[in-house]
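Have a look at the structure below before the remarks.
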Amino acid sequence: MTDDTRIWGQADVSSGKGASDENFPVGSLLLSRKLRPHVHAYYDYARVIDDIADCESLPPQDKITRLDAMEEVLLGQRSAINRADALSAARLRASLLQTHVPFETATDLLVAFRNDSRGHEYHTWDDLLEYCKYSANPVGRYLICLHGENPAAFGPSDALCTSLQILNHLQDCAKDLERLNRCYMPSELMQQAGTSAQDLLAGRTSPAMRRVFNTLLDGVDDLNQQASALPAHIKDRRFRMECAAIVALAHRLTQRLRREDPLAGRVALRRTDAMHAAIAALRAWA
């Protein structure tokens, strides 16, 4: 077996997901045409490393080996081979060198995905926030740096990205546990409510698990409130509109998760939510 085959495996691990599978806009038309290719390069890389961590057929150490190789290609320590996963890291490296966006916005993601690969457990709300610091917040910081915006935007951006990540955990909590044996619901919250992770597979939310969800959504409400300040920090008009739309969608999805049962079916945004986001974006035009 060649060294490349040992590291990368004999097949790609792509999930087949794309930008259209996300709750929130990825490199949308609101962003500058000039910057869109860089955003797509970042998204492609993030999708690959997420797919590696989520691959059901790879053992944990093989996932970590691939993630380490992705980092080496990204940092110029390993040559990219002719595979989509390795090439995504090489393309992002070229983009980061061209735009001078810090490499940490890409390498920090690997911290979270290595934890996912190991099956890391989350005991408290603070543990969950620490995970989001690496799994989600770098995305907002990447966009802020790419647009040359003031670092004062980092705080509300971090709040928004963390909110979006926790909302996604709530949407997918049953699927994550069933497919990946992964649970992001803090164990201390479940224990205090008198429930456990196995109750996520019940097909409907029990009163005890609803208390856990509501506690998490209370925290998300606080994050959304902090995130509401983000558009005011953004000078680029198109990017400001994008931020305003995503903040609005975060508020709308939080409300849906309050009212609907994520264990009975995936709680998703609807056309009316998109309309509210469009109105928020138009208001941010000025």
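The values are calculated or read from the model by the stated rules, or taken from the named source; none is laboratory data. Everything numeric in this text was worked out from a predicted model, so none of it was measured. Neighbour counts are summed over all protein chains in view; Cβ atoms, including those assigned to glycine, are modelled from backbone coordinates with ideal geometry. Ligands, DNA and RNA are excluded from the accessible area calculation, which covers all protein heavy atoms including side chains. Shrake-Rupley method; radii C 1.70, N 1.55, O 1.52, S 1.80 Å.
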Next on the checklist: Taking the solvent-accessible surface of protein heavy atoms with a 1.4 Å probe, what is the per residue accessible area of region 35-163 in Å²?
Outcome noted: 41 Å²
Checklist entry - After finding the eigenvalues of the alpha carbon gyration tensor for region 140-273, what semi-axes result from the square roots of 5 times each, listed largest first in whole Å? => result 31, 15, 13
Checklist outcome for this item: Longest the chain segment clear of trypsin sites (Lys or Arg not before Pro) sitting in DSSP loops (not H, G, I, E or B) with at most 16 other Cβ atoms within 10 Å runs 84-203
Next on the checklist: Using 29 Å as the Cα-Cα cut-off, could you pick out the over-long pairs in Lys34/Lys63; Lys63/Lys133; Lys63/Lys235?
Outcome noted: Lys34/Lys63; Lys63/Lys235
Next on the checklist: Quick one: the Cα spread of the chain along its three principal axes, in angstroms, biggest first?
Outcome noted: 54, 49, 30
Checklist entry - Which whole-number percent of Cα pairs in region 142-203 have a distance greater than 15 Å? => result 62 percent
Next on the checklist: Below 8 Å, C-alpha to C-alpha, sequence gap of six or more: please give me the relative contact order for region 71-194 in percent.
Outcome noted: 24 percent
Checklist entry - Per the Kirkwood definition applied to all pairs of different Cα atoms, how many angstroms is the hydrodynamic radius of region 37-163? => result 15.0 Å
Item to check | Integer Hz, Karplus 6.51/-1.76/1.60 couplings in order for region 223-239, x for Gly and Pro | outcome: 5, 4, 5, 5, 5, 4, 7, 4, x, 5, 8, 9, 7, 5, 4, 5, 5
Checklist entry - Relative to the present Cα-Cα distance, how much length would full extension add between Ala208 and Gln192 at 0.36 nm per residue of separation? => result 4.8 nm
Next on the checklist: Nearest 500 deg cm²/dmol is fine: what mean residue ellipticity at 222 nm does the chain get from its DSSP H runs of n ≥ 4 alone, each adding -39,500 (n - 2.57), divided by its residue count?
Outcome noted: -20500 deg cm²/dmol
Checklist entry - Out of region 178-286, which chymotrypsin sites (Phe, Trp or Tyr not before Pro) are coil in DSSP terms and have no more than 13 other C-beta atoms within 10 Å? => result Trp285
Checklist outcome for this item: For the pair Ala278 and Lys34, the simple spin-label estimate (label points 7 Å beyond Cα toward Cβ) gives in nm 2.9 nm
Next on the checklist: Taking the Cα centre as origin and putting +1 on Lys and Arg beta-carbons and -1 on Asp and Glu beta-carbons, what dipole magnitude results for region 130-286, to the nearest 20 debye?
Outcome noted: 540 debye
